[in-house]
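> My questions all concern the structure below.
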Amino acid sequence: MTVRIVLGAQFGDEAKGKIADFLAGTARIVVRSGGGPNTGHTVVLPEGPVVLHQLACGVLRHGVTAISGPGMVLQPFKLEDELRALDERGLHRGEVVLSDRAHVILPAHELEDVWEDELRSQSDPAAALGTTKSGIGPAYADRYARWGIRLTDLSRPGALRERLGLLYATKSHLPGLPPLEEVVSRLAEVGGRLAPMIRPTEPILWDALARGESILLEGAQSALLDIDFGTYPYVTSSHPTSAGALVGSGIPPTELDEVIGVAKAYSTRVGAGPYPTEDTGERGEFLRRVGGERGATTGRARRCGWLDLVLLRYVARLNGLTSLAITKVDVLGGLDEIPVCVSYRMPDGTIVRDAPPTRADDLARAEPVYENLPGWPELHERAKERLRREGGAALPSALVRFLDFITQATDVPVRYVGYGAHRDETVDLGPTAPRARRSPLAAWSG
Ligand code: GDP
Ligand code: IMO
Ligand code: MG
């Protein structure tokens, strides 16, 4: 039995969906613990690609329970569409359970998300966050203000009307709000349709723990988008860290066995915010084209750049990573040299290796110091076939050195390597040695 967390170790879209799906093969339950329709997790099945937004990837496997957990904010109409699309393709295989504690994203939240980002850009165009406009920030804000609506409220129209009235009293600044009565009746209807799936999810998890069954927590967004530890204010409104996965599911920290951080062999970011290793030149364009770097939820072109080991070290410590999954190594195949950022030079000349600046504007001024590592050959179909057959033994030697370099820099072993979008294009290098003591932090400057 294991309890594992898979989480994003960069700015999102690291292929968490693919790695979580790979690991879901040995899990009884997969839990999403935060975020909502801002997520787009791609899994490429033999039947074709699937992009999951509000459902955990366990929905794609027979005999697995897919929980959308208490820490989430769910848009019930989009959720119905997502389920319907899976049903139509015959891909709804696992059992879906929705936490009765999860909060509801209302039409007001979607309007407010757009309104807020316009407000930010009125004062300064660079201040807009470029959110996914799915209502995430406002839904979490109302959750913490304690006038949010939870899935459990949908089955009690009287109480729902009362709570919605309270929430509406805070939204008079929003133009175009749909009438309260209309929202109550639509929510009550959708609540009725989803009712068979809505229930307390903590007892399901505690029972699984008691039975010794394996649980996988499928992180969404990424540690660098964490509301507290990310590049605030250019973050999402939840906690996509390992601690957040536990809070958002109801699994106690003492049950946790492994924390797997997923990072691309390069990096991407969607939306605004500091990104020291961004490459706005031809090579960035190369990454976007070859990596197919377009948002799975919004369709926006992703900003592209190089692997940032300062940020990865930070994420490793913040989350207690026990192993890394390095994905999309095929995208870099054929390059002579691969730049990897090993430290930052700050405007005052100091070198930062371990603790990135707290302020987004300071991070934006960090100048990456690169080391160029030797590249590996393109992974053509023959090379991929060998990887499928022989596993890690078939990894090109320059790629092995690249992975070792990451381990040296982060003190975290690389266990999984993604070399293609398909479900089976992941190498498991096998269990890693027990976690060594982490190296002490380098001096803040030097
Ligand atoms: P997530 O949000 O972290 O699950 O990632 P996304 O699904 O938003 O973006 C990852 C993209 O990369 C998707 O289009 C995947 O199909 C694709 N992908 C995943 N792993 C690999 C890989 O190892 N190689 C390549 N070339 N593509 C991959
Ligand atoms: P997955 O799970 C990439 C980004 C948005 C924006 C910021 C705030 O697929 O990795 P929000 O709508 O959450 O208020 O937007 O966070 N963002 C993501 N970027 N992948 C995601 O999810 C993201 N979820 C949010 O682009 O910059
Ligand atoms: Mg994504």
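The values are calculated or read from the model by the stated rules, or taken from the named source; none is laboratory data. Nothing here was measured: the structure is a model prediction, and the numbers come from that model. Note: ideal-geometry Cβ built from the backbone for every residue, glycine included; neighbour counts use all protein chains shown.
> Please work out which residue is surrounded by the most Cβ atoms within 10 Å (Cβ to Cβ), limiting yourself to segment 20-51 and to residues that are closer than 18 Å to Gly295 by Cα and near ligand 1 (Cβ under 8 Å from one of its atoms).
Among them, the one singled out is Thr39.
> Residues that are over 29 Å from Glu258 (Cα atoms) and either in contact (Cβ under 8 Å) with a residue 60 or more places away in the chain or assigned by TED's automatic domain parsing to the domain that holds Val247 (or both): does segment 311-333 have at least one?
The answer is yes; a qualifying residue exists.
This table checks each residue for (1) under 13 Å from Ala108 (Cβ atoms); (2) exposed (fewer than 13 other Cβ atoms within 10 Å of the Cβ); (3) within 15 Å of the chain's Cα centre (by Cα).
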residue: Arg146; (1), (2), (3): no, yes, no
residue: Arg156; (1), (2), (3): no, no, no
residue: Leu174; (1), (2), (3): yes, no, no
residue: Leu177; (1), (2), (3): yes, no, no
residue: Ile198; (1), (2), (3): no, no, no
residue: Trp206; (1), (2), (3): no, no, no
residue: Ala243; (1), (2), (3): no, no, yes
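> Please enumerate the residues belonging to segment 20-52 that are within 13 Å of ligand 2 (Cβ to nearest atom) and touching a Gly at 6+ places or on another chain (Cβ under 7 Å).
Within segment 20-52, Arg32, Ser33, Gly34, Gly40, His41, Thr42, Val43, Val51, Leu52 qualify.
> When you scan segment 30-72, how many residues do you find that are touching a Pro at 6+ places or on another chain (Cβ under 8 Å) and not in a strand (DSSP E or B)?
Total meeting the criteria: 4.
> Show the residue pairs that are 6+ apart or on different chains and have beta-carbon atoms under 8 Å apart, the first residue being within segment 144-158 and assigned to a helix (DSSP H, G or I), the second being modelled with pLDDT under 95 and hydrophobic (A, V, I, L, M, F, W, C).
The qualifying pairs are Asp153/Ala159.
> Looking at Arg89, Arg120 in this structure, which one is surrounded by fewer than 24 Cβ atoms within 10 Å (Cβ to Cβ) and away from ligand 2 (no atom under 16 Å from the Cβ)?
Criteria check complete, one pass: Arg89.
> Quick one: which of Leu224, Leu209 is outside any loop (DSSP other than H, G, I, E, B), within 16 Å of ligand 3 (Cβ to nearest atom) and over 21 Å from Arg143 (Cβ atoms)?
Leu224
> Still on this model: Can we say Leu23 is under 13 Å from Leu216 (Cα atoms) and assigned to a helix (DSSP H, G or I)?
Yes.
> Out of Val412, Val417, Val369, which single residue is within 16 Å of ligand 1 (Cβ to nearest atom) and in contact with a strand residue (DSSP E or B) (Cβ under 9 Å, 6 or more places away or on another chain)?
Val417
> Next question, about the same structure. Check whether at least one residue in segment 332-344 is crowded, with 23+ Cβ neighbours inside 10 Å and within 24 Å of Ala20 (Cβ to Cβ), and report yes or no.
Within segment 332-344 (the criterion being crowded, with 23+ Cβ neighbours inside 10 Å and within 24 Å of Ala20 (Cβ to Cβ)), the answer is yes, since at least one residue qualifies.
> Among all residue pairs at least 6 apart or on different chains, which show Cβ distances below 9 Å where the first residue, located in segment 285-299, is farther than 20 Å from Val50 by Cα and the second is within 16 Å of ligand 3 (Cβ to nearest atom) and acidic (Asp, Glu)?
Going by the 9 Å Cβ cut-off, the qualifying pairs are Leu287/Glu293.
> For residues that are assigned to a helix (DSSP H, G or I), away from ligand 1 (no atom under 15 Å from the Cβ) and crowded, with 16+ Cβ neighbours inside 10 Å, tally how many sit in segment 274-311.
Within segment 274-311, residues that are assigned to a helix (DSSP H, G or I), away from ligand 1 (no atom under 15 Å from the Cβ) and crowded, with 16+ Cβ neighbours inside 10 Å number 4.
> If you don't mind, there's one more thing I want to ask. Are there any pairs with C-beta distances below 7 angstrom linking a residue in segment 23-42 that is on the phi > 0 side of the Ramachandran plot to a residue that is surrounded by fewer than 24 Cβ atoms within 10 Å (Cβ to Cβ) and not in a strand (DSSP E or B), with the two at least 6 apart or on different chains, and if so which?
Every condition considered, no pair remains.
> Also, quick follow-up: I'm trying to understand the selection: among the residues of segment 411-422, which are away from ligand 3 (no atom under 16 Å from the Cβ) and under 20 Å from Glu293 (Cβ atoms)?
Val417, Tyr419, Gly420, His422
> Tell me, which residue of segment 385-442 that is assigned to a loop (DSSP other than H, G, I, E, B) and among the acidic types (Asp, Glu) is modelled with the lowest pLDDT?
Asp424
> Residue check: is Asp354 loosely packed, with under 15 Cβ neighbours inside 10 Å and either part of a loop (DSSP other than H, G, I, E, B) or touching a Ser or Thr at 6+ places or on another chain (Cβ under 9 Å) (or both)?
Taking the combined requirement at face value, the residue does not satisfy it.
> Here is a follow-up. Of all residues in segment 252-269, count the ones that are surrounded by fewer than 24 Cβ atoms within 10 Å (Cβ to Cβ) and assigned to a loop (DSSP other than H, G, I, E, B).
Counting residues in segment 252-269 that are surrounded by fewer than 24 Cβ atoms within 10 Å (Cβ to Cβ) and assigned to a loop (DSSP other than H, G, I, E, B) gives 3.
> Please work out if Leu187 is within 24 Å of Pro70 (Cβ to Cβ), more than 16 Å from ligand 2 (Cβ to nearest atom), under 31 Å from the mean Cα position of the chain (by Cα) and of a type outside the set (Ser, Thr, Tyr).
In short, yes.
> I'm trying to understand the selection: among the residues of segment 212-229, which are in contact (Cβ under 8 Å) with a residue 60 or more places away in the chain and surrounded by fewer than 16 Cβ atoms within 10 Å (Cβ to Cβ)?
Scanning segment 212-229 gives a single hit, Gly212.
> Let me ask something else. Using beta carbons and a limit of 6 Å, which pairs, at least six apart or on different chains, have the first residue in segment 389-402 and assigned by TED's automatic domain parsing to the domain that holds Ile326 and the second one assigned to a loop (DSSP other than H, G, I, E, B) and surrounded by 15 or more Cβ atoms within 10 Å (Cβ to Cβ)?
Within 6 Å, the pairs are Gly392/Leu429; Pro396/Trp376; Ala398/Trp376; Leu399/Trp376.
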